[in-house]
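Here is the structure we will look at, set down as structure tokens.
The values are calculated or read from the model by the stated rules, or taken from the named source; none is laboratory data. Here the structure is a predicted model, which means the values were calculated and not measured. Please note: Cβ atoms are built from the backbone with ideal geometry, for glycine as well, and neighbour counts cover all protein chains shown. The protein model used for the area step is the full one, side chains on, heavy atoms only, and it has no ligands, DNA or RNA in it. Shrake-Rupley method; radii C 1.70, N 1.55, O 1.52, S 1.80 Å.
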Amino acid sequence: MMIDLSRLESGDAENARCYVIHDQSILLNAELQVPSLPAFLLRQHPDYHFLGWLNGEPCYVCELARHELDDGSLQPVPQRHMLAGGLDEAGFSMFSRALQFLSWQKNHRYCSRCGSPTEAHGKELCMQCPQCGYTQYPRITPCIITLVTRGEYALLGQSARFPNGMFSCLAGFMEAGESAEQALVREVREETGVEVGQLSYLGSQSWPFPHSLMLAFHADYASGDIVIDDDEIVAADWFHYQSLPKIPPRGSIARTLIESWITGLESKD
């Protein structure tokens, strides 16, 4: 499946995917798929917002409270279930776009320049102020995430927010004026006291909790002993690749970092 964000909303399509969101859940049909609905019912409706195209089908998003087409067949599925094989990569990216749009829309009901109520733009995914004309696009916050490794060992940390004792790669938000590489070095040092050496970029992932873009790196250990900050990180340790703790689910870029490192080690054997 492929996402196409270059094509505008069209009147030609017969069916459309409808991402119905409620609190921390997405509503799916009996086959646990995003429901497909007649496109003409969604097109031009003020409560259904066009997101783009997925596999040649237009996609829309709507809050459950404003969803008029529910016949009772949809069931709520927690958002994080989508990471555990609930959607493929392209489907998860569109799902992320849907979540981020609704989150941003709720937080930008008023113009940040003059304070007037904003309105949804007729053609673009943005909110516009009818008073002063200022246009606000969805917020995207860049973050770094890195797997620091030392031979067959990886540095993993545990946040108080993680469920059931899970450990993951170190991550943090970029600050104004920083490059991704500078943010990585700073975050690892602040959270664990460790200094890193050579960095290599792996890839990125849109992360809708609530509006992040994760930039993923591998980093070689350079020096330092683990001293946790006891704020963002409550525990950290070096783990052998054959004796890892509970780690993030497949579909997350943290899991991709860990699995790509293990693949590299095993290919050398």
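Here's the yes/no breakdown for (1) over 21 Å from residue 164 (Cβ atoms); (2) open to solvent by less than 50 Å² (accessible area, probe 1.4 Å); (3) in a strand (DSSP E or B):
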{"position": "176", "(1), (2), (3)": "yes, no, no"}
{"position": "183", "(1), (2), (3)": "yes, yes, no"}
{"position": "186", "(1), (2), (3)": "yes, yes, no"}
{"position": "189", "(1), (2), (3)": "yes, no, no"}
{"position": "215", "(1), (2), (3)": "yes, yes, yes"}
{"position": "221", "(1), (2), (3)": "yes, no, yes"}
{"position": "228", "(1), (2), (3)": "no, no, no"}
{"position": "233", "(1), (2), (3)": "no, yes, no"}
{"position": "243", "(1), (2), (3)": "no, no, no"}
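Would you mind stating whether residue 250 is without any contact (Cβ under 8 Å) to a residue 12 or more places away in the chain, over 20 Å from residue 151 (Cα atoms) and part of a loop (DSSP other than H, G, I, E, B)? Full working, then the answer.
On the way: without any contact (Cβ under 8 Å) to a residue 12 or more places away in the chain: no; over 20 Å from residue 151 (Cα atoms): yes; part of a loop (DSSP other than H, G, I, E, B): yes.
For residue 250, the condition - without any contact (Cβ under 8 Å) to a residue 12 or more places away in the chain, over 20 Å from residue 151 (Cα atoms) and part of a loop (DSSP other than H, G, I, E, B) - is not met.
When you scan the range 23-78 for strands (runs of 3 or more DSSP E) that lie fully inside it, which ones turn up with 2 or more residues that are surrounded by 16 or more Cβ atoms within 10 Å (Cβ to Cβ)?
25-28, 49-54, 57-63
Taking the condition of being surrounded by 14 or more Cβ atoms within 10 Å (Cβ to Cβ) and either of a type in the set (D, E, K, R) or part of a strand (DSSP E or B) (or both), how many residues in the range 191-204 meet it?
Total meeting the criteria: 6.
If you check residue 235 against the conditions, is it closer than 20 Å to residue 187 by Cβ, without any contact (Cβ under 8 Å) to a residue 40 or more places away in the chain, in contact with a strand residue (DSSP E or B) (Cβ under 8 Å, 6 or more places away or on another chain) and among the hydrophobic types (A, V, I, L, M, F, W, C)?
In short, no.
Restricting to the range 79-108, and then to whatever is surrounded by 18 or more Cβ atoms within 10 Å (Cβ to Cβ) and part of a loop (DSSP other than H, G, I, E, B), can you tell me which residue is modelled with the highest pLDDT?
Step by step, filter the range 79-108, then rank; the result is 87.
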